[in-house]
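**Q** Mind having a look at this structure? Questions to follow.
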Amino acid sequence: MWEALGIRCWPTLLILGPANKPLFIITGEGHRDELVWYVGSALRHFAPRISTALLPISINAHVKATEDDILYFPSKLALNPYYRGRGEEPFLAITDTGHHRLLLTDCSGIVVRIIGGTEPGFKDGKLSEARFNSPQGVCWLTSTVLVVCDTNNHALRAVHLDEGSVEVLVGKGVQAAVGDQGGKCLGLQALSSPWDILLYSTPDLDMSVRPNVPLPPPPPGQTAPDNENEDKIEVKDIEKLDEKRRVLLIACAGSHQIWALFLDNTIWWKYKSFSEGTCICVAGSGAEAARNSAYPHTAAFAQPSGLALRQGNNPEIFIADSESSSIRRMALSTGQVTTLCGGDKNPLNLFAFGDVDDIGVDAKLQHPLGVAYCESTKTLYVADSYNHKIKKVDVGPQKVTTLNPTKIETTEPAKFNEPSGLAITSDGKYLYVADTNNHCIKILNLVKNVCQEFRVRLLDHTFTEPENLILYKNDLFVNKKCGHLIIYFDVSLDGDGKRVKFTPGAPQNWLLCVRDETNKDVTDEFEFINCSFKGTKLPARVELKLKTRSDKTHYRLYLSFHTALCEEGACFAHTFTVRSTILVRESVKPVESYKITCKVNPRVEAKPPNKT
């Protein structure tokens, strides 16, 4: 259509008259007054000449969510770095953007917390009463505190899980004025469409305050510090300087900039000192372009929409610069901005999009919205949103390669629809994808190059999870064609001083139960081979076999223990349950075996089991 109409620039506004005849063409941005004038004149001119009534144009979403879908245009997600496998402990945070809320799930997809409602708003308070407006990026500050980009409210919101409350961290609910460079504290500072966020921890960046370190040249107009001052710095002062300062880095898509919220007093680039709570622009001139620069405030971005952190001796962030269809990088020691891949060498060319696997700027993307970096493989993963693909970038050679995973159930290729958020596990094996226009979350197994849906669902409250629940986050697999599943399991005591022991001669009871996704007990769908679903001795072994070919994709296995223990002559019981997910697949071996060892400290708390 662009070619047929002769359009050569974006944005181009085409005004059509009766019988769809073109009347005016307006190119570029900032033509509101002309648009109002042209449309008004056309209406006044043609109204007397049109006999038919003006009819609205019906516009529907290309892909609709069903009533059973929990998610509606999910956009970003964040794995909990503090996750330890406890019952009801959040594993994954998802911004359910179309529903204006934040969902926290366990490792099997069960929703454990809902923050916000399904209607837009800007309200603090209890988790269920708080309101957001199209939230996007999310990150974990601690195991109980998250920060959410409340995008259409132009704010950052803090979610306190332990207190059960939501509050404004930065922003005033209205968009920042054009040219606002920030500098105010917390809620006094306005933002412009914050789209993604990450937490960066750093020591002070001013090397001049450190002894025995070569000093950088002083800023113009200042003299170098006296070396004699080094003798006056004490060890405790050095330790204080090495303390990590927490900085939240924010991709402000609306102002085409990278901002920072300093959570601690911090010495930043160029000898600048920022007090706790200061929120300010740290990179980007505000112009919409793809300009690289050694000086961060003269660099330019074009709707930065995704952030990923690369740590190490030379830390940097990768930026999904969506409107330039490129991935940018910014050194966190200097602020220098360069291009990793995509885009064009001309910083003003925002139309160099495409779908080409190549190196550096010769590779082409189309409006990427999400990035995730794997430290172990030095690989960056990109949600190439408008190409409906997931791509990887080898950071060293800057080589871009499209991933072509297959569905885990079949050999058909996995299909995405404008994916916009990514999160990768610490071992680099699994990539979680917010498949936005398919209204779901998918898991990409990077080792086997297979993809499956991470089914997000609400818990059936007619079934109550056992107390003292331990989540075993490694999945178990069984072949859907009457496959066998063998589990060896044991309990070891991890008490202080080894004073707690199993009571000699007493039964160590265990019970195995299998439930489906509706929490119905379906243990009878399995045949127990030369064993029972319960026992009184440890260690133990069970072998399960699917009685018939299963069309289900997963089960939940509950392995409950009731152990008899004693400590210095006093006997007592300790009860706990291990929960795991059994994935039913056609591509796994006919017989799968696992060993689970549960290390517990009955006087303190149960530790998560380890797969060996």
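The values are calculated or read from the model by the stated rules, or taken from the named source; none is laboratory data. Since the structure is predicted, the reported quantities are computational estimates derived from the model, not experimental observations. Cβ coordinates were reconstructed from backbone atoms using ideal geometry, including for glycine residues, and neighbour counts include every protein chain displayed. Accessible surface is based on the protein model in full, side chains and every heavy atom, while ligands, DNA and RNA are left aside. Shrake-Rupley method; radii C 1.70, N 1.55, O 1.52, S 1.80 Å.
**Q** T581: out of contact with any Lys or Arg (no Cβ under 8 Å at 6 or more places or on another chain) and either in contact (Cβ under 8 Å) with a residue 12 or more places away in the chain or over 26 Å from L459 (Cα atoms) (or both), yes or no?
**A** So T581 fails the test.
**Q** Test F477 against the stated conditions and say whether it is touching a Leu at 6+ places or on another chain (Cβ under 7 Å), in contact (Cβ under 8 Å) with a residue 40 or more places away in the chain, part of a strand (DSSP E or B) and under 18 Å from K552 (Cα atoms).
**A** So F477 passes the test.
**Q** What residue, among those in the stretch 119-139 that are of a type in the set (A, V, I, L, M, F, W, C) and in a loop (DSSP other than H, G, I, E, B), is most open to solvent (accessible area, probe 1.4 Å)?
**A** Checking each candidate, the answer is F122.
**Q** Does V112 qualify as being open to solvent by 20 Å² or more (accessible area, probe 1.4 Å) and free of Cβ contacts under 8 Å to residues at least 24 places away in the same chain?
**A** It is false that V112 is open to solvent by 20 Å² or more (accessible area, probe 1.4 Å) and free of Cβ contacts under 8 Å to residues at least 24 places away in the same chain.
**Q** Does the stretch 481-495 hold any residues that are surrounded by fewer than 20 Cβ atoms within 10 Å (Cβ to Cβ) and either assigned to a loop (DSSP other than H, G, I, E, B) or free of Cβ contacts under 8 Å to residues at least 60 places away in the same chain (or both), and which are they?
**A** Listed by number, the residues that qualify are K481, C482, D494, G495.
**Q** When you go through K364, K389 one by one, which is the residue that is surrounded by fewer than 24 Cβ atoms within 10 Å (Cβ to Cβ), basic (K, R), at pLDDT 95 or above and over 24 Å from G284 (Cα atoms)?
**A** Criteria check complete, one pass: K389.
**Q** Next up: Looking at H154, H99 in this structure, which one is out of contact with any Cys (no Cβ under 7 Å at 6 or more places or on another chain), without any contact (Cβ under 8 Å) to a residue 60 or more places away in the chain and farther than 29 Å from G428 by Cα?
**A** Just a single option satisfies the conditions, and that option is H99.
**Q** So how many residues does the stretch 393-441 have that are touching a Pro at 6+ places or on another chain (Cβ under 9 Å) and on the phi < 0 side of the Ramachandran plot?
**A** 17
**Q** How many residues are touching a residue at least 60 places away in the same chain (Cβ under 8 Å) and over 17 Å from R541 (Cβ atoms) if we restrict to the stretch 507-528?
**A** Residues in the stretch 507-528 being touching a residue at least 60 places away in the same chain (Cβ under 8 Å) and over 17 Å from R541 (Cβ atoms): 2 in total.
**Q** Filter the stretch 540-571 down to the residues that are in a loop (DSSP other than H, G, I, E, B) and surrounded by 13 or more Cβ atoms within 10 Å (Cβ to Cβ) and list them by number.
**A** S550, K552, T553
**Q** Looking at D521, D516, which one is among the charged types (D, E, K, R) and farther than 26 Å from R84 by Cα?
**A** After ruling out the rest, the residue left standing is D521.
**Q** Any residue at all in the stretch 95-109 that is assigned to a loop (DSSP other than H, G, I, E, B) and at pLDDT 95 or above?
**A** Looking for residues that are assigned to a loop (DSSP other than H, G, I, E, B) and at pLDDT 95 or above, one finds at least one in the stretch 95-109, hence yes.
**Q** Output the number of residues of the stretch 152-181 satisfying the condition of being open to solvent by 10 Å² or more (accessible area, probe 1.4 Å) and assigned to a loop (DSSP other than H, G, I, E, B).
**A** 14
**Q** Tell me, please, whether a residue that is open to solvent by 40 Å² or more (accessible area, probe 1.4 Å), closer than 30 Å to F416 by Cβ and assigned to a loop (DSSP other than H, G, I, E, B) can be found in the stretch 463-473.
**A** yes
**Q** Name the single residue, out of those in the stretch 507-521 being at pLDDT 90 or above and in a loop (DSSP other than H, G, I, E, B), that is nearest to K545 (Cα to Cα).
**A** So, considering only residues that are at pLDDT 90 or above and in a loop (DSSP other than H, G, I, E, B), the one nearest to K545 (Cα to Cα) is Q508.
**Q** Six or more apart or on different chains, Cβ atoms under 7 Å: show the pairs whose first residue is in the stretch 376-396 and charged (D, E, K, R) and whose second is open to solvent by 60 Å² or more (accessible area, probe 1.4 Å).
**A** K378/G396
**Q** Is it the case that some residue within the stretch 554-570 is of a type in the set (D, E), touching a strand residue (DSSP E or B) at 6+ places or on another chain (Cβ under 9 Å) and under 24 Å from D106 (Cα atoms)?
**A** Within the stretch 554-570, none of the residues are of a type in the set (D, E), touching a strand residue (DSSP E or B) at 6+ places or on another chain (Cβ under 9 Å) and under 24 Å from D106 (Cα atoms).
**Q** Which of the residues spanning the stretch 142-151 are surrounded by fewer than 17 Cβ atoms within 10 Å (Cβ to Cβ) and either assigned to a loop (DSSP other than H, G, I, E, B) or in contact (Cβ under 8 Å) with a residue 60 or more places away in the chain (or both)?
**A** Across the stretch 142-151, the qualifying residues are T142, S143, T144.
**Q** Here's a follow-up. Could you check the stretch 200-223 and list, in sequence order, the residues that are surrounded by 17 or more Cβ atoms within 10 Å (Cβ to Cβ) and at pLDDT 90 or above?
**A** Of everything in the stretch 200-223, just one residue is surrounded by 17 or more Cβ atoms within 10 Å (Cβ to Cβ) and at pLDDT 90 or above, namely Y200.
**Q** Tell me which residues, restricted to the stretch 3-49, are in a strand (DSSP E or B) and open to solvent by less than 50 Å² (accessible area, probe 1.4 Å).
**A** T12, I15, I26, listed by residue number.
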